[in-house]
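*Asks:* Mind having a look at this structure? Questions to follow.
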Amino acid sequence: MSQAPELSVIVPVFNEVENISPLWRELDAVLGRLGRSAEVVFVDDGSTDGSADAIRALMAGDPRVRLLCFDANAGLTAAFHAGYGAARGRIVATLDADLQNDPRDLPPLLAALEGADAAVGWRRERHDPWPKRVSSRIANALRNWLTGDEVRDSACSLRVMRRECVGAIPPYTGMHRFVPTLLRTAGYRVIEVPVQHRPRRFGRSKYGIRNRALRAFVDLLAVQWMMRRAVRYRVREVARQETATQRRSSGGEA
C-alpha cells in the first residue's frame with residue numbers, strides 16, 4: 001500500500017489461531033462496506049499455537065494485512081502500543097482477536113467521531129462467565145470512584161479514536177484498562193457507544209480474577225496519581241493589536 005490509509009485497525013493476538021480466519025472474514029466484510037481505505041495491523045504477542053502463521057496466510061492474499069511479531073509475550077498494553085506506533089491511518093480502531101468483539105460495531109463507533117475525539121465501546125450485555133462479569137462490574141465501580149470519572153466499561157477493547165489521541169496513552173503495563181479516563185484527562189472528548197459482546201467460541205480467556213485483580217488495582221492507583229499531577233492551566237496569547245491599543249491609551253507612540 002503506497003498511500004497511507006484512512007483507517008488503521010489494530011488487533012492484538014495471543015494464542016488465537018482458531019479465531020483468526022473467522023475474524024478476518026467478518027472484518028473484511030465490514031471494511032468493504034465502509035468505503036474507506038484501511039489497513040489491519042495484527043500484533044502477535046508471542047503466540048505459540050501458530051497464530052502468526054495464520055496471519056501470514058492472510059497477508060499472502062490481501063495487502064491490507066500487516067503483522068507485527070513480539071519475540072516473547074509482553075502483554076496487551078505492549079501489543080496496543082506497538083500497534084499505535086505502526087498504524088498509518090488518520091483514525092485508529094482496536095478490537096480483540098477472540099471474536100467476542102463484533103466488527104459490525106465499527107461503523108457506529110466511527111459515526112460517533114463526528115462529535116468526539118474517541119468513541120469507546122460499552123458492552124451493555126456481557127456474555128462471560130458470571131465471576132468475570134461480577135469482577136468487571138466491581139472494577140468499573142472502583143475505577144470511577146477513585147478517578148472521579150464515569151465510564152461504564154473502561155476495559156472494552158473495541159474503540160476508535162483520532163490518531164492524535166494515542167499520544168495520551170502512556171506506554172506502561174495495564175494502561176489499556178483506562179483509555180477513556182486517560183484521554184479525558186488529556187482534554188479529549190470521549191463518548192461511549194453500546195456494542196455487542198459475544199460468547200467465546202474457540203480457545204480460552206487469558207485473563208481472570210486471580211491474574212489481574214491486584215495488578216489492576218495497583219495500575220488504578222498509578223492512574224489516579226497521574227490525574228492529580230496533570231498540568232492544568234488557562235492561557236491566551238496577547239495580540240499585537242491589543243498591545244498597540246494599550247500603548248495609545250497610555251499616551252505612548254503607536
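The values are calculated or read from the model by the stated rules, or taken from the named source; none is laboratory data. All values derive from a computational prediction rather than experimental measurement. No Cβ is skipped: glycine too gets one built from the backbone with ideal geometry, and neighbour counts run over all protein chains shown.
*Asks:* Restricting the search to segment 104-118, which residues are out of contact with any Phe, Trp or Tyr (no Cβ under 7 Å at 6 or more places or on another chain) and not in a helix (DSSP H, G or I)?
*Replies:* Within segment 104-118, A116 is the sole residue that qualifies.
*Asks:* Check G50, G46, G75 and return the single one that is within 16 Å of D98 (Cα to Cα), in contact with a Ser or Thr (Cβ under 8 Å, 6 or more places away or on another chain) and surrounded by fewer than 20 Cβ atoms within 10 Å (Cβ to Cβ).
*Replies:* Matching residue, one of G50, G46, G75: G75.
*Asks:* Every residue in segment 162-189 that is surrounded by fewer than 19 Cβ atoms within 10 Å (Cβ to Cβ) and closer than 16 Å to G115 by Cα, please.
*Replies:* Scanning segment 162-189 gives R162, R163, E164, G187, Y188, R189.
*Asks:* Looking at S8, S47, S51, S21, which one is without any contact (Cβ under 8 Å) to a residue 60 or more places away in the chain, within 22 Å of P107 (Cα to Cα) and among the polar types (S, T, N, Q)?
*Replies:* Answer to the selection: S21.
*Asks:* Scan segment 99-121 and report the pairs whose first residue is surrounded by fewer than 16 Cβ atoms within 10 Å (Cβ to Cβ) and among the charged types (D, E, K, R) and whose second residue is at pLDDT 95 or above and not in a loop (DSSP other than H, G, I, E, B), with Cβ atoms within less than 8 Å and a gap of 6+ or a chain change.
*Replies:* From segment 99-121, the pairs are R104/E26; R104/V30.
*Asks:* Further, regarding this structure: I'd like to verify a number: residues in segment 1-52 that are closer than 16 Å to I91 by Cα, of a type in the set (G, A, S) and either modelled with pLDDT under 95 or in a loop (DSSP other than H, G, I, E, B) (or both), how many?
*Replies:* Within segment 1-52, residues that are closer than 16 Å to I91 by Cα, of a type in the set (G, A, S) and either modelled with pLDDT under 95 or in a loop (DSSP other than H, G, I, E, B) (or both) number 3.
*Asks:* Could I ask something else about it? List every residue pair whose Cβ atoms sit under 8 Å apart, with the two residues 6 or more apart in sequence or on different chains, where the first one lies in segment 61-86 and is in a loop (DSSP other than H, G, I, E, B) and the second, anywhere, is surrounded by 19 or more Cβ atoms within 10 Å (Cβ to Cβ) and among the charged types (D, E, K, R).
*Replies:* The qualifying pairs are R64/E39; F70/D44; F70/D45; N73/D45; A74/D45; G75/D45.
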